[in-house]
Amino acid sequence: IRDAANGETNWTVELELVNNQNFRVLFWAQVPENGVYTTTSLKEVKLTTALNANAENYAAFAGQDEITYGENLAGRTVTLERPVAQLNIATSAESLKLGEDENGANAQTTVTFETTAVTVEGLSTVYNVAEGAAGADEATFTYAAKPVALSETTLNVNGVDYSYVAMNYVGFAQPSGDNVKVTYTIETNEVGTITNTISNVPVKANHRTNIIGNLITSTSDYTVTLSAAWPADEENVEVVAVSTAADLQEAINN
């Protein structure tokens, strides 16, 4: 166990190993005493399902290294990756402006967020650091309503600016990815409560998923982006609600 300084991303760990033995060394990093992970055994790290929304201190990192007796261990390096996924929800900046003036332009009334709450169904509560895999259980994670800390941060996708309304580290996802059901509830001053459920949202360990759309003025048209390990490259999947055969054909054509 070692306490890293705030912002530190590299450190040295010295181990005393018994001769003539092979070892698998397991690593886990998190904000100390954040109250959500149980790390008694790194082969069965447990994550509670009752969490707070928009909590940035839920991030965690894991890794392992196999040591064979007789190897030169000098300069050995292990890179830790997130066993959790990050799920963000953002709305079009233009959709936050309500009403029109006599020229048809957006008025200056802007929707302000009070709190967001999120429920994520379909991820595991258990992670095995030795195997680098999540458990087989599928739980429901509930992120209690908390103030939006990222409302002033914007995300640009295809030239459109989106304002974050929620950011959560969600339960353990498989390295190959999972599809989950997401329900969000947004409390606003101007339009009251906004809630919606989106199925088949792709999430993946050490990846970031962005759900973006006109969350205030429309609840039927979203883009879901899945980013590998927080880079600029993204895989875009547009989700469109249809109610008629003509709507379906138009969605296929587009």
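Bear in mind that the values in this text are calculations on the coordinates, not laboratory data. The structure presented is a predicted model; accordingly, all values stated were derived computationally and were not measured. Every residue, glycine among them, receives a Cβ derived from its backbone with ideal geometry; neighbour counts consider all protein chains shown.
Points worth noting:
- Residues whose amide H falls under 5 Å from that of V165, counting only those 5 or more places apart or on a different chain, are I89, A90, T91, with hydrogens built in the peptide plane.
- Across the stretch 125-138, coupling constants 3J(HN,Hα) worked out from phi with the 6.51/-1.76/1.60 Karplus curve, θ = phi - 60°, read 9, 10, 9, 9, 5, 5, 9, x, 9, 7, x, 8, 6, 10 Hz, and Gly and Pro carry x.
- Stretched out straight at 0.36 nm per residue, the stretch from D247 to A144 would grow longer than its current Cα-Cα span by 33.5 nm.
- Packing-based order for 179-191, 58-70, using average beta carbon neighbours within 10 Å, highest first: 179-191, 58-70
- Taking θ as phi - 60° and the Karplus parameters 6.51, -1.76 and 1.60, the scalar couplings of the stretch 42-47 work out to 6, 8, 8, 6, 10, 10 Hz in sequence order, x denoting glycine and proline.
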